[in-house]
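Worksheet: one structure, shown below.
The values are calculated or read from the model by the stated rules, or taken from the named source; none is laboratory data. Keep in mind that what you see is a predicted model, and the values were worked out from it rather than measured. Don't worry about glycine lacking a Cβ; one is built from the backbone with ideal geometry, like all the others, and counts go over all protein chains shown. We work out accessible area using only protein heavy atoms, side chains counted, and drop any ligands, DNA or RNA first. Shrake-Rupley method; radii C 1.70, N 1.55, O 1.52, S 1.80 Å.
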Amino acid sequence: MSAQLYSELDTPAVLVDLDVLDANLRKTAELAKAAGVKLRPHIKTHKSTWIAGEQMKYGACGITAAKLGEAEVMADAGITDILLAYPIVGRHKLERLRALMSKARVTLSVDDVAVAKGLSELAESMGTQIRLYVDVNTGLNRCGREPGEATVELVKEINALPGVKVVGLMTHPGHVYGKSTTDEVRAVAKHEAESLVRTKHLLLQEGIEIEEVSVGSTPTSKFIGEQSETTETRPGAYVFGDASQLVTKSITEAECAMHVLVTVVSMPREGTVIVDGGTKTFSSDANALRPGYGTLRGNDSVYIERLSEEHGIVRVPEGVTFAIGDRLEFLVNHCCGTTNLHQTLIGVRNGKVEREISVDARGKIK
């Protein structure tokens, strides 16, 4: 792209400050290296082969993906060490996994014997062995059995199947986003690691060695140096930063690389302006600790109160004024959901457009 001022861009546009992005990539890579832990970032946040490549340059051992479609895009771009952190179920997906495994070293996550059986049958048909991580529930109450005996029994059942081997334990402490202090986040990080390590030791007593203890969320990744006996960290949203991370006190506003540029298109009543970005532009994720769906850069008393498809209804406090045509930048609640709404992000540096960032795995939900 030409080095135009980004203030001249058509709107809405998702801006990514390239200096902040680079600093975020470097800082997290350095944290992992200092802790002696592998960095396996989750690409669901950016879905960009270019950003994934930058993460690899900074020393990532590979990537984490949520869906096969994301993994296929990354493998086609030359990334060959992939953790698929999502249960693979059904004939169609297993056949796609067969093809993916011809391009990349793929590790799968499971939390049920029924899922493992499908992978076992695939491995047997291919004459290979599939590496598995077993998902463990450490408080999010999503996938995963409870740590300790429940997970030990599951691992034993899975390892009895041909063609598969449990090599790791993993967890995602997504409930950390409900915390609002550093001490609370640190406590979640401590529990996250200790739950997996305790389970690993119980498995060792059963004669089962676990190679990998894989933890992962952006807020808890800040404490990876304190998470003893972990081997791998899988943060995702650290690349861009957003309001959900700000409220946990795990980042500062200076670490927020992503903002959405919009234009004021209507001023229908006092205290309200309308901007040209709605649910097709901003993630509709709410945050219990922060009002609305996005806050104005530099003044969080101005926030997007409501969204319809193409309209953002902005609450404007007394004493703050705007005019039709004003261009405003909003910090989003959730960067991952926002990314997936757009074909391209606009990489900016020093107020000028430097590059378009293609969202290559956009919409890859299968």
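The strands (runs of 3 or more DSSP E) located wholly in region 290-352 that include 3 or more residues which are more than 22 Å from Tyr177 (Cα to Cα) and not aliphatic (A, V, I, L, M) occupy 344-349.
For (1) surrounded by 16 or more Cβ atoms within 10 Å (Cβ to Cβ); (2) modelled with pLDDT of 95 or more; (3) within 18 Å of the chain's Cα centre (by Cα), each residue gets a yes or a no:
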| position | (1), (2), (3) |
| --- | --- |
| Leu9 | yes, no, no |
| Thr28 | yes, yes, yes |
| Ala35 | yes, yes, no |
| Thr49 | yes, yes, yes |
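Is at least one residue of region 272-284 free of Cβ contacts under 8 Å to residues at least 24 places away in the same chain and farther than 19 Å from Ala257 by Cβ? For region 272-284, residues free of Cβ contacts under 8 Å to residues at least 24 places away in the same chain and farther than 19 Å from Ala257 by Cβ: absent. Residue check: is Ala60 touching a Lys or Arg at 6+ places or on another chain (Cβ under 9 Å), hydrophobic (A, V, I, L, M, F, W, C), within 20 Å of Tyr133 (Cα to Cα) and outside any loop (DSSP other than H, G, I, E, B)? The answer is no for Ala60. Total residues in region 281-317 satisfying the condition of being farther than 25 Å from His175 by Cβ and open to solvent by less than 10 Å² (accessible area, probe 1.4 Å): the figure is 5. Scanning region 263-280 for residues that are outside any loop (DSSP other than H, G, I, E, B) and open to solvent by 50 Å² or more (accessible area, probe 1.4 Å) returns Val265, Met267, Pro268, Arg269.
Out of curiosity, is Ile79 closer than 26 Å to Glu146 by Cα and surrounded by 21 or more Cβ atoms within 10 Å (Cβ to Cβ)? In short, no. When Ala323 is tested against the conditions (1) at pLDDT below 95; (2) in contact with a strand residue (DSSP E or B) (Cβ under 9 Å, 6 or more places away or on another chain); (3) surrounded by fewer than 18 Cβ atoms within 10 Å (Cβ to Cβ), the lone failure is (1).
Of the residues making up region 34-50, those that are in a helix (DSSP H, G or I) and within 20 Å of Lys103 (Cα to Cα) are Thr49, Trp50.
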